[in-house]
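Participant: Once you've had a glance at the structure underneath, I'll fire off some questions.
We did not get these values from a lab; they are worked out from the coordinates using the rules stated. The shown structure was predicted, so the numbers you read here are calculated from the model rather than taken from an experiment. Quick reminder, even Gly has a Cβ in these numbers, built from the backbone with ideal geometry, and neighbours come from all protein chains shown.
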């Protein structure tokens, strides 16, 4: 009789060991998260010879346990999404104490949370429950219910089941890591595509063959994509409209608003009579649908080539710089109003300047004026004026001088904000 008991114990231990080997193989062979959870429950149910199995995962924000997946008596699986409040029931007790538990008779145990039975119609008799532990972190609870070959589970069952739960946790965390890595790679691919699209848009933002004027520009986002933009729009033979803008924030939301602005602005300039009215119309169209907290600072301008006049209007943007042909640089004091998208009904003002041949105006975003290294002050307007001063042959020379000064000022550190420059003038 004693030998029979020993033989049965050895047989049971061997089955559990085979189950551990099987789940170890699952860790290396299954790369789909749902398939893994189903395989884990199937092996547990079969090796422990249980009527049902279920797996709970911790809700990070609340600490509650969500029934992620459970077996059914017909061999299929359910994902009921039942939530057990933190600390409630057998699974809550196991989770809080990080200890495995054997319950011979569930309804005689005060810790048993009977709500799950009420919702599913299942009758629980005996329970094996173990925490899912991986690298010092408990991510959930695994349990099997009702042994098929006896009234209640035994201590030997619990020992093997606990080891099985630890392997299960390792498998789950491994796949979660794979999923996170795959998602990161997908996001990086999407960002790379978005950056290419944005670069293409800006490369076409200055049309060729502008009569009587010349523009050049530079843009470098602080991350893969940014919210800075510029555009030049020819309005017949005598007028050239242009804009530089900076969408609040960084990344995809800013890039989307930047793209939307570049698409709409040519039509807005065509339908209005100058920079101030263009900004007002732009604000009227965009403000009602603006995402909370987002706005656009911008400077809009128009060159009247026949009169050699520059008109400018400012929506909360950095003041532009005028560099005369003799190298003298000074700030252009434009009346600054609220950024686009802040409030409805904004009316903008504009100024007019007469430019001579060789005069250049420099528009830029605050990624330039606030460019700095850790131990330095930003490149405020006084430094920019000093950098911009001096003779120059063309807009590219002037722009490159400013960009190189900003890079030198950062002392090799990455830019903290998107940086864009638009330089223009009459030929």
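Participant: Taking 0.36 nm per intervening residue step and subtracting the Cα-Cα distance, what contour gain separates residue 135 from residue 333 on full extension?
Facilitator: In short, 65.2 nm is gained.
Participant: Also, I was wondering about something else. Give me the distance in nm between label points sitting 7 Å out from Cα along the Cα-to-Cβ direction at residue 210 and residue 123, one decimal.
Facilitator: The modelled label-to-label distance comes out at 8.4 nm.
Participant: Pop the C-beta distance of residue 270 and residue 291 into the FRET formula with R0 = 30 Å and round what comes out to the nearest 0.05.
Facilitator: 0.70
Participant: A follow-up question, please. Rank these for me by crowding, 258, 290, 399, going from fewest to most other beta carbons within 10 Å.
Facilitator: 290, 399, 258
Participant: A follow-up question, please. At residue 220 and residue 186, where each label point lies 7 Å from the Cα along Cα→Cβ, what is the point-to-point distance in nanometres?
Facilitator: 3.3
Participant: Is the shape of region 119-277 rounded, prolate or oblate, going by the alpha carbon gyration tensor and its root eigenvalues a ≥ b ≥ c, with a/c under 1.5 for rounded and a/b larger than b/c for prolate?
Facilitator: It is prolate, given that a/c is not under 1.5 and a/b is the larger ratio.
Participant: Order by neighbour count: 129, 318, fewest other Cβ atoms within 10 Å first, most last.
Facilitator: Fewest to most other Cβ atoms nearby, the residues stand as 318, 129.
Participant: Could you tell me the calculated FRET efficiency between residue 344 and residue 114, based on Cβ-Cβ distance and R0 = 60 angstrom, to the nearest 0.05?
Facilitator: 0.60
Participant: Multiply the residue gap between residue 177 and residue 357 by 0.36 nm, knock off their C-alpha separation, and tell me the result in nm, one decimal place.
Facilitator: Value of the extension gain: 58.7 nm.
Participant: How do 394, 273 rank when sorted from fewest to most other Cβ atoms within 10 Å of their own Cβ?
Facilitator: Going from sparsest to densest Cβ surroundings: 273, 394.
Participant: Between residue 32 and residue 252, what is the spin-label point distance in nm, taking each point 7 Å from the Cα along the Cα→C-beta axis?
Facilitator: Result: 2.5 nm between the two label points.
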